[in-house]
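Some notes on the structure that comes next.
The values are calculated or read from the model by the stated rules, or taken from the named source; none is laboratory data. These numbers were taken from a predicted model, which means no experiment stands behind them. Every residue, glycine as well, gets a Cβ built from its backbone with ideal geometry; the counts of neighbours run over all protein chains shown. Heavy atoms of the whole protein, side chains included, go into the accessibility calculation; ligands, DNA and RNA do not. Shrake-Rupley method; radii C 1.70, N 1.55, O 1.52, S 1.80 Å.
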Amino acid sequence: MTDTRWLSDPEREAWVRFSAVLELLPAALDAQLTHDASLTHFDYFTLAMLSEAPGRVLRSSALAARTNASLPRLSKVISRLAERGFVTRYPCAEDKRATNIELTEAGWKKVVASAPGHVENVRAMVIDALTADQVSQLSAISAALLTRLDPDGKMLASAAHDEPSTIG
């Protein structure tokens, strides 16, 4: 057994501040989307991941990986989104054991309508608080963390991605 490598004062300060961001940011994202679009951030993220998929369709397992959700959690969210007409689910033609999730036209319209407000909120909460160099640093730091947190690159954010995105 090795000795504990305690955090230095600067490391502890960075960790405590980062932990506070991890706690506060999801609530800020949820509040805006709930108020403006009657969606949670996870609802929006799920619709956005479908909007960026070829044909706006993903297997439920692939969508779960891209959203970092368990299949039971995703199933509940998909049921709620399906009730609102934003997605449909149907058996996968290639693998009858799998289920495809498809973004409907209403779901596409919801993502398109919700994206501007979400992006403005992301700007207000994160991007506009940083310099251009800090945005680059944040991207590099996030990429480095994702290599440990998502080593298989299942989430779309873990892959090199230069195309415009609705995820904001």
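General remarks:
- Filter pass, residue 86 being open to solvent by 30 Å² or more (accessible area, probe 1.4 Å), among the aromatic types (Phe, Trp, Tyr) and in contact (Cβ under 8 Å) with a residue 24 or more places away in the chain: no
- Going through (1) in contact (Cβ under 8 Å) with a residue 12 or more places away in the chain; (2) open to solvent by 60 Å² or more (accessible area, probe 1.4 Å) one by one, residue 39 falls short only on (2).
- Number of positions in region 128-149 that are open to solvent by less than 70 Å² (accessible area, probe 1.4 Å), within 18 Å of residue 20 (Cβ to Cβ) and not small (Gly, Ala, Ser): 1
- When we screen 31, 48 for residues that are modelled with pLDDT of 95 or more and open to solvent by 30 Å² or more (accessible area, probe 1.4 Å), the only hit is 31.
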